[in-house]
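Colleague: The structure that follows is given in the form of structure tokens.
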Amino acid sequence: MQRLRGRDGLFTYYQGSDRVPGKLAPPLLSFPFTLSARLNTSAGADNGVIFAMGGHQGGLSLFLDGGKPVFAYNWYGRKTSYVRSETSSPRGETTVAIQFSHTANNRGYKVAMSIDGDAIGSGVFDETSRSLPPEETFDVGADWGSPVVPDYTNHGQMPAGLIEQVQIHF
């Protein structure tokens, strides 16, 4: 909690911020948060990881698949749940955001996803955990540990310059 208060609950990352150890990464499963990713898709990149935390034994990932944002939650490698947009990110500067919160009974997670403030998808994940594998890391622009999901190849690397900034606010 002190770590959040000391930075006003705000974490800011840029493309290439990678291999951040779990103990130093934002506590994504412990508190509700909003994640905003400013992207510049002018170059036409349609596939790759915006952020990933964890790996094939449990984790979270926000990525583009065919230009469409996808949020994935991998529960201990046993079940993976997705929120998939049917809307592609527009070319040029755009913001993809997710709001992540606990359900009313505090046993699950709710996720709402948007592009430039317009809702594009939501979901509820019933199988949840408050921790991730300690050997995995937090990455922006790739998924350098074991992949959270098998949906991307080559560690989901994004072309340089596509991710302008990722902010996580608790």
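Colleague: Give me the number: length gained by fully extending Asp8 to Ala43, i.e. 0.36 nm times residue separation minus the C-alpha to C-alpha distance, one decimal in nm.
Modeller: Once the chain is fully extended between Asp8 and Ala43, it gains 9.2 nm.
Colleague: Next question. Could you derive backbone 3J(HN,Hα) for segment 161-170 from the dihedral phi with the Karplus parameters 6.51, -1.76 and 1.60 (θ = phi - 60°), listing whole Hz in sequence and x where the residue is Gly or Pro?
Modeller: Result, rounded to whole Hz: x, 6, 9, 7, 6, 10, 10, 10, 10, 9.
Colleague: Ok, one more. How far, in nm, would the chain grow between Ala119 and Asp151 when pulled straight, counting 0.36 nm per residue and subtracting the alpha carbon separation?
Modeller: Details: separation 32, 0.36 × 32 = 11.52 nm, distance 2.29 nm.
Answer, rounded to one decimal: 9.2 nm.
Colleague: Now for a separate question. At 37 °C and 0.692 mPa s, grab the translational diffusion coefficient of segment 24-170 from Stokes-Einstein with a Kirkwood Rh over Cα pairs, rounded to a whole number in µm² per second.
Modeller: Calculated translational D: 219 µm²/s.
Colleague: Follow-up. Over segment 63-113, what percent of the accessible surface lies on carbon and sulfur atoms, probe 1.4 Å?
Modeller: The C+S portion of the solvent-accessible surface of segment 63-113 is 43 percent.
Colleague: Now for a separate question. Of the listed peptides 32-43, 62-73, 12-23, what is their order by residue-averaged count of other C-beta atoms within 10 Å, with the highest listed first?
Modeller: Ranking the peptides 32-43, 62-73, 12-23 by packing returns 62-73, 32-43, 12-23.
Colleague: Treat each spin label as a single point 7 Å out from the Cα along the C-beta direction, and report the Arg107 to Thr128 distance in nm.
Modeller: 1.2
Colleague: Can I ask one more? Mind checking which lysines have their C-alpha under 27 Å from Lys68, skipping anything on the same chain fewer than 8 residues away?
Modeller: Counting by Cα, and skipping residues close in sequence, Lys68 has these lysines nearby: Lys79, Lys110.
Colleague: Report, in whole Å, the centroid distance computed from the Cα atoms of segment 134-170 and segment 11-76.
Modeller: Centre-to-centre distance over Cα atoms comes out at 5 Å.
The values are calculated or read from the model by the stated rules, or taken from the named source; none is laboratory data. All values reported here derive from a predicted model rather than from experimental measurement. Virtual Cβ from ideal backbone geometry, glycine too; neighbours counted across all protein chains shown. Accessible surface is based on the protein model in full, side chains and every heavy atom, while ligands, DNA and RNA are left aside. Shrake-Rupley method; radii C 1.70, N 1.55, O 1.52, S 1.80 Å.
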